[in-house]
Amino acid sequence: MKRSLSFWNTGYTASKTNKPVEEANRSENKKQEAFHNQDSVLRLLQSGKNVFLTGGAGTGKSYVLKQFVSRCSDKNILVTAPTGIAANNIEGSTLHRTFKLPLGIISDKIILNEEQDRDAYRRKLLEHTDILIIDEISMCRADIFSYLGDLVLEQEYSGHSIQVILCGDFFQLPPVIGSGEKETFQNLFPDNINGWCFLTEQWKQLNLITCSLDKVYRQDNLEFVKALNQIRKGESQGINYINTNYCSEGRASAVSLCGTNSLATELNLKNLEKIDSATYEYDMVKEGKVSDSDIRCEQHLSLKNGARVIILINDPSGKVYQNGSFGIVVDVAPDKIKVSLDESRIIVELPKHTWEIYGYELDESSGRIKKNIIGTYKQIPVRLGWAVTIHKSQGATYEAVNLKSTRFWEYGQLYVALSRCRTIDKLYLSGAISKLNLKVSSEVISFFS
């Protein structure tokens with residue numbers, strides 16, 4: 001069946017197929033089901049239905065995905081995410097790498113005139129796919145989602161159903177549209193200039209069941225949880241609670257969350273320079289296919305005895321430290337360091353760690369999709385821990401936070417920053433938060449309501 005893309009308007013499957021759409025199943029997502037615990041969500045995922053799994057920060061969305069994937073060893077499953085770091089978190093691959101997508105904005109012209117061979121590859125890959133998972137779906141831009149949605153729906157109308165599972169929180173950080181891409185994107189999506197994938201026709205046609213995890217595991221204080229949920233949804237009452245209860249004195253052991261890379265780098269280097277000891281340099285080693293967006297550590301790392309660091313991996317034993325634990329460097333060597341952990345004061349040895357980059361390959365003879373290691377990079381698994389950007393903190397949990405930013409310009413940025421901290425009494429602000437900093441997309445509010 002020859003395909004003529006038209007997803008900028010009505011969607012390929014809505015306009016090009018002669019097979020009738022069952023109205024009861026295509027009700028534009030008006031039916032939504034809420035599940036309040038992880039076991040219920042897992043049962044729904046295992047039923048084979050298309051699902052949009054959402055919930056606030058710290059509700060265990062990625063944990064549920066990993067549990068589901070572990071139960072699907074007999075399936076051909078693609079585990080993907082829009083960014084390299086997000087893909088690494090779920091031991092998957094990026095959307096661009098999995099589907100060999102072109103860089104920049106995807107349009108009919110690019111696919112039909114420049115991507116025909118790769119388009120055929122994508123369709124062949126999906127012919128053998130049982131389950132497609134996209135994590136951090138809020139960061140998946142509308143043009144990418146429309147195109148992939150068309151490919152999935154085309155399979156459905158050809159008789160091959162692919163279970164689609166989308167996971168993420170649209171109240172957090174939005175898709176990225178480069179400054180040089182905005183005009184082109186607005187011409188393609190005049191009614192969706194922020195690039196939300198839930199505003200596409202393909203989102204409706206996938207007939208997703210929306211389920212929301214509402215139990216927060218990161219914070220125990222119910223009043224703090226309530227305030228964060230209000231801020232997540234754009235309700236100013238939450239800011240009143242934060243302004244009344246935040247810590248007014250900064251903590252030396254707390255991580256400073258910054259709005260920009262330049263400020264985070266400046267704070268880290270200033271603190272490192274204050275330490276009167278020798279500097280040790282560590283360069284990352286890459287092998288195979290590794291792009292900058294895959295890398296979650298420093299390509300060039302400077303350390304000293306006494307430097308404050310964030311550990312970037314989980315303890316193999318699962319008992320002593322985890323990704324996001326803080327400590328102080330107490331010994332350095334060419335291929336390893338020792339760190340005294342903040343919470344336990346236990347000294348742990350951290351040798352150079354190897355991160356693996358995954359890709360998918362179709363074995364046409366067996367019909368199996370294999371996940372292969374296509375690249376690796378090796379580095380001491382820490383980052384200077386005095387400061388980190390809000391973007392890099394998404395998904396992390398911190399015991400104490402100094403919020404350095406006084407200006408929040410992106411949707412969800414304030415919520416992401418505040419929700420990193422476990423307790424309100426360890427959340428330091430230099431001053432009260434203005435309600436003007438509460439930026440939540442009206443489109444997202446409308447979608448969830």
| task | Distance between Cα centroids, region 360-375 to region 248-270: provide it in whole Å. | result | 43
| field | Rounded tilt (10° steps) of 222-232 against the dominant C-alpha axis of the chain | value | 50
| note | Under a Gaussian network model of the chain whose springs join Cα atoms within less than 10 Å, the largest fluctuation of 42, 222, 429 belongs to 222
| request: Please provide three numbers in whole Å: the alpha-carbon extents of region 306-398 along the principal axes, with the largest listed first. | output: 55, 31, 23
| field | Descending principal axes extents, region 43-163, alpha-carbon based, whole Å | value | 43, 31, 20
| said: Distance cut-off 32 Å, Cα to Cα: go down the list 75/109; 66/204; 215/404; 286/370; 215/439 and report the pairs above it. | reply: 75/109
| request: Calculate, in nm to one decimal, what residue 75 and residue 299 gain on full extension: separation in residues at 0.36 nm each, minus their alpha carbon distance. | output: 77.0 nm
| remark: Taking R0 as 25 Å and r as the Cβ-Cβ distance between residue 244 and residue 214, the FRET efficiency 1/(1 + (r/R0)^6), rounded to the nearest 0.05, comes to 0.55
| request: Return the whole-Å distance between the Cα centroid of region 96-167 and the Cα centroid of region 211-230. | output: 34
| said: Cut-off 10 angstrom, C-alpha nodes, Gaussian network model of the chain. Which of 210, 354, 397 fluctuates the most? | reply: 354
| aspartates and glutamates near residue 226 by alpha-carbon distance under 20 Å, same-chain residues fewer than 8 away left out - which ones? | 169, 214, 235, 399, 425
| field | Two-decimal Rg to Rh for region 294-449 - Kirkwood Rh, Cα set | value | 1.07
| request: Quick one: grab the alpha carbon gyration tensor of region 302-357, order the square roots of its eigenvalues as a ≥ b ≥ c, and give me rounded if a/c is under 1.5, else prolate or oblate depending on whether a/b is larger than b/c. | output: oblate
| query | With axes computed from alpha carbons, what is the tilt in degrees of helix 142-157 against the longest principal axis of the chain, rounded to the nearest 10 within 0 to 90? | reply | 40
| note | Binned at 10 Å from zero, the C-alpha pair distances of region 92-250 give percents of 9, 31, 30, 17, 10, 3, 0
| Per the Kirkwood definition applied to all pairs of different Cα atoms, how many angstroms is the hydrodynamic radius of the chain? | 23.4
| request: Return the calculated 222 nm mean residue ellipticity for the chain, to the nearest 500 deg cm²/dmol, obtained by summing -39500 (n - 2.57) across DSSP H runs with n ≥ 4 and dividing by the residue count. | output: -7500 deg cm²/dmol
| remark: Computed curve, region 171-250, Cα-only Debye sum without solvent term, log₁₀ I(q)/I(0) at 0.14, 0.17, 0.20, 0.22 Å⁻¹, is -0.76, -0.90, -0.98, -1.04
| Tilt relative to the chain, helix 261-273 - C-alpha long axis, 0 to 90 degrees, to 10 | 30
| field | Cα pair count fraction exceeding 11 Å, expressed as % - region 96-135 | value | 68
| field | Relative contact order %, the chain, counting alpha carbon pairs below 8 Å whose residues are six or more apart | value | 19
| query | On average, how much accessible surface per residue is there in the chain, in Å², for a 1.4 Å probe, leaving out ligands, DNA and RNA? | reply | 46
| Counting only protein heavy atoms and using a 1.4 Å probe, what share of the accessible area of the chain belongs to carbon plus sulfur, as a whole percent? | 46
| remark: Once the mean of 1/r over all distinct C-alpha pairs in region 214-289 is inverted, the Kirkwood radius in Å reads 16.7
| request: If a/c stays under 1.5 just call it rounded; otherwise compare a/b with b/c (prolate if a/b is bigger, oblate if not). Do that for region 146-216, with a ≥ b ≥ c from the square roots of the Cα gyration tensor eigenvalues. | output: oblate
| task | Taking 7 Å along the Cα-to-C-beta vector as the label spot, tell me the residue 352-residue 333 distance in nanometres, rounded to one decimal. | result | 1.4
| From the square roots a ≥ b ≥ c of the eigenvalues of the alpha-carbon gyration tensor of region 363-449, which class results: rounded (a/c under 1.5), prolate (a/b over b/c), or oblate? | oblate
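Express the relative contact order of region 124-272 as a whole percentage, based on alpha carbon pairs under 8 Å and six or more residues apart in sequence.
Numbers: 123 pairs, mean separation 31.0, N = 149.
Value for region 124-272: 21 percent.
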| message | Quick check on the chain: of the DSSP beta bridges with both residues there, what percent are antiparallel, nearest 5%? | response | 55
| field | Alpha-carbon gyration tensor eigenvalues x 5, square-rooted, for region 32-103, Å | value | 23, 15, 12
| Among 202, 116, 155: highest mean-square fluctuation, GNM of the chain, C-alpha pairs under 10 Å | 116
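The values are calculated or read from the model by the stated rules, or taken from the named source; none is laboratory data. Since the structure is predicted, the reported quantities are computational estimates derived from the model, not experimental observations. Cβ sites come from the backbone with ideal geometry, for glycine too, and all protein chains shown count toward neighbours. Only protein heavy atoms, including side chains, enter the accessible area calculation; ligands, DNA and RNA are left aside. Shrake-Rupley method; radii C 1.70, N 1.55, O 1.52, S 1.80 Å.
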